[in-house]
Amino acid sequence: MAFSDEIRTMYVNQLEDLKNQGIFKEERAICAPQDSDIEVEFPIGSEKKKVINMCANNYLGLSSHPDVVEAAHEGLDHRGYGMSSVRFICGTQDIHKELEKKLTEFLGTEDTILFPSCMDANAGVFEAVLSEKDVMIADRLVHASIIDGMRLCKAQNDSYKHSDMNHLEQKLQLHQDKRIRLIITDGAFSMDGDLAKMDKIVELAEKYNAMVFVDDSHASGYIGKTGRGVHEHFGVVGKIDIITTTLGKALGGASGGCVSGRREIVEMCRQKARPYLFSNTVAPVIVEGALKVLDIISKSTERRDKLEKNTEFWRKGLTEGGLIIKEGETAIVPVMLFNAKLSQDFAKDLYDEGIYAVGFFFPVVPKGQARIRTQLSAAHEMHHLEKALDAFLKVGKKYNILHKTKNEVIEMYGS
Ligand SMILES: *Cc1c(COP(=O)(O)O)cnc(C)c1O
């Protein structure tokens, strides 16, 4: 028997280790569509509890929108359940081409290629367009899927300190001998909710003859006046060479991702990107749903405007109530607690108050920077946010951390 008792014991011990370190992840089962009001079983199998969801990437509240669901139904009726093929064999329908065209228009680029997920887009794009003659210079806080994609690529791998433009400039100077310099960043960083300095990055790219890559997964759909993303927000539409993003967050929340940008780069991905060539096509149901999402958000900015108002209310309410948040412009609002255990206790008490939000600590965030990451949605109504705010302040009061400085909180609970 290959899976011997010894091997089993080894895994059991590794899993125990994770539990002892407090980093063992447990699933919670949501027994409802994704929305602001959800029913949750936590732990799984226990009694269901009604809670307000403050931690979904459902920024525009489209994950269960009736029009999106209806469009998906129509997709199912007209184009079937699955394609049983990768794109280039027999997995491309008219609607896949239509979605790529609509994404191109929405993002303001030259062309777009769909991937099964944004993780796959990031896994495929670097290897498809770069070689050992080139260098990738990435922000040190980029998403895990970018790091994996860079590992699969033969170009030299380098990085700059998070959002440090002087450091990026030094790295660009250092690599002037390379054929291509590709600057790589997230548009909105998921743990801190800050935006990459896209105007400065584009300026440096022009000065040092570099290309720019942005993964806009946490921004597409709501950042910028019409929700196109960070390039719209910073006035650099048309100047980003490669944008990757997901359909799994603001844009309906199902699954799927894309590479959008320069025509030839997209074509190289069609020829060479391995997750595109060797993984199944995005299901027709999702394609129709995503087309409806783009339709809704291209016609009106109502949802991103509502999200902006909700975010403003939330940031202001927490700050005035005396909690410490990370400043920023996104719908990602981290409530800083610094101590790992406090972040877990705080989240547990919130859950008892009917609020669902998750505490993060090392190694997900740096040591001493434990937090509860809250995320706003256009599906939140004022009554949701008022109830959630009351709960945050009630629990904050319980732990006596309201209107305290960072140092005072750390003095009480450690970091
Ligand atoms: C969520 C996320 C991804 C992964 O997207 P999927 O489509 O779920 O694979 C990739 N990059 C960033 C920056 C993300 O936030």
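The values are calculated or read from the model by the stated rules, or taken from the named source; none is laboratory data. These figures come from a predicted structure and were not determined experimentally. Reconstructed Cβ throughout: ideal geometry from the backbone, glycine too, with neighbour counts over all protein chains shown. For the accessible areas, the whole protein counts, side chains as well, though only heavy atoms, and no ligand, DNA or RNA atoms are used. Shrake-Rupley method; radii C 1.70, N 1.55, O 1.52, S 1.80 Å.
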Answer from G61, G75 - the residue that is away from the ligand (no atom under 16 Å from the Cβ), closer than 27 Å to R28 by Cβ and open to solvent by less than 30 Å² (accessible area, probe 1.4 Å): G61
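Kindly indicate whether R315 is more than 24 Å from M382 (Cα to Cα) and modelled with pLDDT of 95 or more.
Values: more than 24 Å from M382 (Cα to Cα): no; modelled with pLDDT of 95 or more: yes.
No; evaluated as a whole, the condition is false for this residue.
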Where S64 falls short, out of the listed (1) polar (S, T, N, Q); (2) at pLDDT 95 or above; (3) out of contact with any Asp or Glu (no Cβ under 7 Å at 6 or more places or on another chain): (3)
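Residue-wise test of (1) open to solvent by 30 Å² or more (accessible area, probe 1.4 Å); (2) touching a residue at least 24 places away in the same chain (Cβ under 8 Å); (3) of a type outside the set (G, A, S); (4) touching a Lys or Arg at 6+ places or on another chain (Cβ under 6 Å).
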{"residue": "S377", "(1), (2), (3), (4)": "no, yes, no, no"}
{"residue": "E381", "(1), (2), (3), (4)": "yes, yes, yes, no"}
{"residue": "L389", "(1), (2), (3), (4)": "no, yes, yes, no"}
{"residue": "K398", "(1), (2), (3), (4)": "yes, yes, yes, no"}
{"residue": "G414", "(1), (2), (3), (4)": "no, yes, no, no"}
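Would you point out the residue of the range 343-358, among those that are open to solvent by less than 10 Å² (accessible area, probe 1.4 Å) and not aliphatic (A, V, I, L, M), that is farthest from V142 (Cα to Cα)? I'd like the intermediate steps shown before the answer.
First pass over the range 343-358, keeping only residues open to solvent by less than 10 Å² (accessible area, probe 1.4 Å): 343, 346, 350, 354-355, 357.
When the remaining residues are screened for being not aliphatic (A, V, I, L, M), the result is 343, 346, 354.
Values: S343: 24, F346: 28, G354: 33 Å.
Here the answer is G354.
Residues checked against (1) of a type in the set (S, T, N, Q); (2) buried (at least 16 other Cβ atoms within 10 Å of the Cβ); (3) assigned to a loop (DSSP other than H, G, I, E, B); (4) more than 25 Å from the chain's Cα centre (by Cα):
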residue	(1), (2), (3), (4)
D17	no, no, no, yes
F24	no, no, yes, no
D35	no, yes, yes, no
I38	no, yes, no, no
A56	no, yes, yes, no
D67	no, no, no, no
G82	no, no, yes, yes
Flag for P43 being open to solvent by 70 Å² or more (accessible area, probe 1.4 Å), in contact with a Ser or Thr (Cβ under 8 Å, 6 or more places away or on another chain) and assigned to a loop (DSSP other than H, G, I, E, B): no
Options D164, D148; residue that is within 12 Å of the ligand (Cβ to nearest atom) and closer than 30 Å to A370 by Cα: D148
